Ligand code: ASP
């Protein structure tokens, strides 16, 4: 059986140099339950610095085009040796560097190269903390198709952690069935943290980064937006799908299935509460009617009109089939009696507009056909709006007072979000007026 344990994941900026390492150690040592640590590779120390992961990709490219490994690896080595020196550690990574050189010469793949950032950083952090180092390749697995294998991972990693009371497990990678290294997509250490939390049966997954959690709206659009204290997994899915990033979008799945909350925390302001992501709204009363506003530009609407469309059997199916054949995935599909609009990501139309138009016209024989570009979608998300009356009215009123025309409306049956489509030129203004309507006005009332 596991005791109460927390998994703590630290992002690249939290481990960018020795000064940051010290903050990380203080955070870990402040709570005896923080027993499993998942590090990223050292990130940027200043805005135009290069992340170690990117240095490793560069090193790989340079060596496959014939450059000497030692020379290509030098910038990576300098980063790690600098950290070791400044922390005053007596350890050395010399043997590891030799092994990596040998692996490169023996044709190790690009993912292997990239993963060495987390691997080496994990060794340093384990030494610094006095924790055991557990190579992620020994406990995190992919299947032969390259998909993450949750069952095997859970069993193997769970067994390792059961015997290891305090460990550092590097983020971002695992092993293929043949033992070769594979990484997750960029930012994937967040996913590793979630996997480790599930395998350890942790009580909490703390994800330490350089911001104090999620904000209600994008701070580049709204001036000093309020932070989100508590958000549910479902709300977060809606918001991150619509572009609100902080956490890797797959990271919630392992912990969500195990009912483990995630706390987003700031390494540079550890006393800030951050954002707590919880499995259900039951014990999480909403502070405001809405939890967050997010959005994206670059959508197009394929608009089809045809008399008596609703009585033509199989019409939608045929149309969707054409879209699928062109690799296009509809985001939304508002319909009327004789009209249907399909909202798609504009980039999916690149290079195939004419062919697609021709095919859709053949299949649908529409009275009117048009592709309209320049649509932005805004999602207003909140568990507080469930069964609350007047939320949609307020969204529409805010937009109408700001003279913004709504081109599409969509509300899911879960009543968790309202999505509106507007002209791209109104995007920023729309987010600001919705924020004012729901957050600023409620703040003044409180
Ligand atoms: N170091 C990897 C990246 O830069 C993974 C991570 O930091 O989560 O994408």
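The values are calculated or read from the model by the stated rules, or taken from the named source; none is laboratory data. As the structure is a computational prediction, the values presented were derived from the model and not from experiment. All Cβ positions, even for glycine, are placed from backbone atoms using ideal geometry, and neighbour counts span all protein chains on display.
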Task: Residues of the range 79-97 satisfying the condition of being loosely packed, with under 14 Cβ neighbours inside 10 Å and not in a helix (DSSP H, G or I) - done: 88, 90, 91, 92
- [ ] Looking only at the range 45-70, count how many residues are assigned to a loop (DSSP other than H, G, I, E, B) and either within 24 Å of the chain's Cα centre (by Cα) or within 16 Å of the ligand (Cβ to nearest atom) (or both).
- [x] 7
Open item on the list: Taking the conditions exactly as written (within 16 Å of the ligand (Cβ to nearest atom) and either without any contact (Cβ under 8 Å) to a residue 40 or more places away in the chain or part of a helix (DSSP H, G or I) (or both)), does residue 26 satisfy them or not?
Closed with: no
Task: Cβ pairs under 9 Å, 6+ apart, first in the range 136-164 and at positive phi, second surrounded by 13 or more Cβ atoms within 10 Å (Cβ to Cβ) and not in a loop (DSSP other than H, G, I, E, B) - done: 146/182
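Tell me the residue from 431, 409 that is in a helix (DSSP H, G or I), in contact with a strand residue (DSSP E or B) (Cβ under 7 Å, 6 or more places away or on another chain) and in contact (Cβ under 8 Å) with a residue 12 or more places away in the chain, please. Spell out how you get there, then give the answer.
Details: 409 fails: in a helix (DSSP H, G or I).
After applying the criteria, what remains is 431.
For the condition in a strand (DSSP E or B) and in contact with a helix residue (DSSP H, G or I) (Cβ under 6 Å, 6 or more places away or on another chain), what is the one hit in 293, 328? Lay out the reasoning, then the answer.
Details: 328 fails: in a strand (DSSP E or B).
Sole residue among the options that is in a strand (DSSP E or B) and in contact with a helix residue (DSSP H, G or I) (Cβ under 6 Å, 6 or more places away or on another chain): 293.
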Open item on the list: Looking at the range 115-133, can you tell me whether even one residue there is out of contact with any helix residue (DSSP H, G or I) (no Cβ under 7 Å at 6 or more places or on another chain), within 26 Å of residue 191 (Cβ to Cβ), modelled with pLDDT of 95 or more and in a loop (DSSP other than H, G, I, E, B)?
Closed with: yes
TODO: Please find, within the range 169-188, the residue that is nearest to the ligand (Cβ to nearest atom) out of those that are buried (at least 23 other Cβ atoms within 10 Å of the Cβ) and over 19 Å from residue 143 (Cα atoms).
DONE: 170
Task: Total residues in the range 232-250, condition crowded, with 18+ Cβ neighbours inside 10 Å, under 8 Å from the mean Cα position of the chain (by Cα) and either closer than 21 Å to residue 147 by Cα or at pLDDT 85 or above (or both) - done: 2
TODO: Could you list, in sequence order, all residues of the range 35-54 that are modelled with pLDDT of 95 or more and surrounded by fewer than 21 Cβ atoms within 10 Å (Cβ to Cβ)?
DONE: 44, 45, 46, 48, 49, 50, 51, 54
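Condition check ((1) over 23 Å from residue 215 (Cβ atoms); (2) at pLDDT 95 or above; (3) in a strand (DSSP E or B)) across all residues:
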position: 363; (1), (2), (3): yes, no, no
position: 389; (1), (2), (3): yes, no, no
position: 427; (1), (2), (3): no, yes, no
position: 440; (1), (2), (3): no, no, no
position: 443; (1), (2), (3): no, no, no
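Quickly run through the range 43-55 and pick out the residues that are under 15 Å from residue 187 (Cβ atoms) and touching a helix residue (DSSP H, G or I) at 6+ places or on another chain (Cβ under 6 Å). First the steps, then the outcome.
Quick first cut of the range 43-55, residues under 15 Å from residue 187 (Cβ atoms) only: 43-44, 51-54.
Across the range 43-55, the qualifying residues are 43, 51, 52, 53.
For the range 331-356, which positions are part of a loop (DSSP other than H, G, I, E, B), at negative phi and out of contact with any helix residue (DSSP H, G or I) (no Cβ under 9 Å at 6 or more places or on another chain)? Before you say what the answer is, go through the steps one by one.
Quick first cut of the range 331-356, residues part of a loop (DSSP other than H, G, I, E, B) only: 331, 333-334, 336-338, 350-352.
Pick out the ones that are also at negative phi and you get 331, 333-334, 336-338, 350, 352.
Within the range 331-356, 331, 334, 350, 352 qualify.
Any residue in the range 375-385 that is over 29 Å from the mean Cα position of the chain (by Cα) and assigned to a helix (DSSP H, G or I)? Talk me through it step by step, then tell me what you get.
Looking only at the range 375-385, we keep the residues that are over 29 Å from the mean Cα position of the chain (by Cα), and these are none.
Within the range 375-385 (the criterion being over 29 Å from the mean Cα position of the chain (by Cα) and assigned to a helix (DSSP H, G or I)), the answer is no, since none of the residues qualifies.
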Task: Within the range 357-385, tally of residues that are without any contact (Cβ under 8 Å) to a residue 40 or more places away in the chain and either out of contact with any helix residue (DSSP H, G or I) (no Cβ under 6 Å at 6 or more places or on another chain) or within 30 Å of residue 428 (Cβ to Cβ) (or both) - done: 4
Open item on the list: Restricting to the range 339-378, give me the number of residues that are closer than 24 Å to residue 396 by Cα and crowded, with 18+ Cβ neighbours inside 10 Å.
Closed with: 9
TODO: Would you be able to tell me the number of residues in the range 1-22 that are touching a helix residue (DSSP H, G or I) at 6+ places or on another chain (Cβ under 7 Å), more than 21 Å from residue 191 (Cβ to Cβ) and part of a helix (DSSP H, G or I)?
DONE: 3
Open item on the list: Among the residues that make up the range 201-209, is at least one of them touching a residue at least 60 places away in the same chain (Cβ under 8 Å), surrounded by fewer than 24 Cβ atoms within 10 Å (Cβ to Cβ), under 16 Å from the mean Cα position of the chain (by Cα) and away from the ligand (no atom under 16 Å from the Cβ)?
Closed with: no
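On the given criteria, is residue 264 under 18 Å from residue 291 (Cα atoms), within 16 Å of the ligand (Cβ to nearest atom), crowded, with 23+ Cβ neighbours inside 10 Å and modelled with pLDDT of 90 or more? Quick ask: steps written out before the conclusion?
Numbers: under 18 Å from residue 291 (Cα atoms): yes; within 16 Å of the ligand (Cβ to nearest atom): yes; crowded, with 23+ Cβ neighbours inside 10 Å: yes; modelled with pLDDT of 90 or more: yes.
Taking the combined requirement at face value, the residue satisfies it.
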- [ ] Report yes if some residue within the range 306-314 is closer than 18 Å to residue 372 by Cα and surrounded by fewer than 18 Cβ atoms within 10 Å (Cβ to Cβ); otherwise report no.
- [x] yes
Open item on the list: Based on this model, can you work out whether residue 195 counts as closer than 19 Å to residue 132 by Cα and either crowded, with 20+ Cβ neighbours inside 10 Å or in contact with a strand residue (DSSP E or B) (Cβ under 7 Å, 6 or more places away or on another chain) (or both)?
Closed with: yes
